[in-house]
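A.B. asks: Before I ask anything, here is the structure I am working with.
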Amino acid sequence: MRVSERMTPSPVTTTVDTPVTEVIQLLEENRFRRIPVMDEKGNLIGIITDRELQKAMPSQATSLSAHELNYILKKTKVGDILPKRKLITIDADELLEEAAVLLRNHNIGAIPVTKRDKLVGIITETTIFDAFIDIMGLREPGYRLVAYIKGNPPGILGRIATIIGNNGGNISHVSADVNDKAMAKITLRFNREAAIGAIEQELEAAGVQVSVEEV
C-alpha cells in the first residue's frame, strides 16, 4: 500500500505571513491539530501544531491592555514562531509502512507528503490507525483464528490456508508475527460460513495449536 492511497490530498495550508490568530481559528474550525506552512513562493517550509500556536499567545495574566494585546496578536505572524527544526516529508510513492516508521522514529503526529518536491497531501497518525484497522479487517464480521507454529516451517501458511479453504473458509486478512524464532504466530480472518469445528480439528491434527473467536 502506497502513501498516495491513504494520504489526505490537497491539505489546507497556511503561509509565513498569516497572523497567528487567523491560523488558530482555522485549526479550530476544521478540527486540525497541525497545518503545513508555505513560503512566499508556495514552497513547503515547515509544519506547525496547535500547541505551538497557543504558546505564542500572551498569558492570561498579562498586564497589557486590550488594545496592546490586540496589536501584538495582529503583528505576530506564523513565520515569527515557526520552529527551526528539520522538516520531515515523505514521497507519495513510498510504502505506507515507511510513513509509520518515520512518525514513530521522530515522535511526530503528521508528515507532509510530496511529489516532485511539491506538497500533495498529508499523512497523520490517525491515517496509520485507520489503515491498520482496514488491513486487519477489524470492522468485518467473521472468525479470527490465531495459529501458533513451532519453528515456522516452510510452507506452513499454505497448508493452513488449504485446510481453511477445503472447509468453506474464504480468508480475507492475514498477519504474521515471527519475531520469536521458536514460535510463529499467524492471525487469519475469514467468513462465518466456514466449518470452524472441522478447521480446528484438522489444524490441530497437523500439529498447529489454534485459538478461535467469532468477531
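A.B. asks: Which count do you get for residues in region 134-188 that are closer than 15 Å to Glu213 by Cα and among the charged types (D, E, K, R)?
C.D. replies: 3
A.B. asks: Same structure, new question: Which number in (1) over 16 Å from Thr126 (Cβ atoms); (2) surrounded by 17 or more Cβ atoms within 10 Å (Cβ to Cβ); (3) at pLDDT 95 or above marks the one condition that Leu53 misses?
C.D. replies: So the condition that Leu53 fails would be (3).
A.B. asks: Looking only at region 93-148, count how many residues are within 30 Å of Glu202 (Cβ to Cβ), surrounded by 12 or more Cβ atoms within 10 Å (Cβ to Cβ) and of a type outside the set (A, V, I, L, M, F, W, C).
C.D. replies: Selection size over region 93-148: 7.
A.B. asks: In addition: Being in the same structural domain as His173 (by TED's automatic domain parsing) and either touching a strand residue (DSSP E or B) at 6+ places or on another chain (Cβ under 7 Å) or outside any loop (DSSP other than H, G, I, E, B) (or both) narrows it down to one residue among Ala100, Ala147; which is it?
C.D. replies: Checking each option against the conditions leaves just Ala147.
A.B. asks: Can I ask one more? Taking region 68-125 as the region of interest, how many residues are within 15 Å of Pro9 (Cα to Cα), of a type in the set (Ser, Thr, Tyr) and out of contact with any Pro (no Cβ under 9 Å at 6 or more places or on another chain)?
C.D. replies: 2
The values are calculated or read from the model by the stated rules, or taken from the named source; none is laboratory data. Please read all numbers here as calculations on a predicted model, not as lab measurements. Every residue, glycine as well, gets a Cβ built from its backbone with ideal geometry; the counts of neighbours run over all protein chains shown.
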